[in-house]
């Protein structure tokens, strides 16, 4: 019987790193990314490659990748934190009743 993915990642946390890396690569192949490929290729290695050394092109590529990783990691952290904050607030009875006291449920109403 196959093991569910969440249990496999919980039992073997180091498996999560290549699994999430692979998922990120697959995500970057979505159609909305296709228009960015020529732009990125032009910026990193194309347009003025004759004037730029390989080491400088490599440096730009590494800085580009690190910048994207930092932005996505920050957005993921904010999404995770705000999800837990909003999830806790949405479970609050006061919020569900727009700040009004929660209605009392009497035994005969049930």
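The values are calculated or read from the model by the stated rules, or taken from the named source; none is laboratory data. Everything numeric here is computed off the predicted structure, so don't read it as measured data. Cβ: placed from backbone, ideal geometry, glycine included. Neighbour counts: every protein chain shown.
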*Regarding residue 14, is this residue surrounded by 10 or more Cβ atoms within 10 Å (Cβ to Cβ) and either at pLDDT below 80 or under 27 Å from the mean Cα position of the chain (by Cα) (or both)?*
no
_Six or more apart or on different chains, Cβ atoms under 9 Å: show the pairs whose first residue is in the range 37-62 and within 28 Å of residue 27 (Cβ to Cβ) and whose second is modelled with pLDDT of 80 or more and exposed (fewer than 11 other Cβ atoms within 10 Å of the Cβ)._
46/38
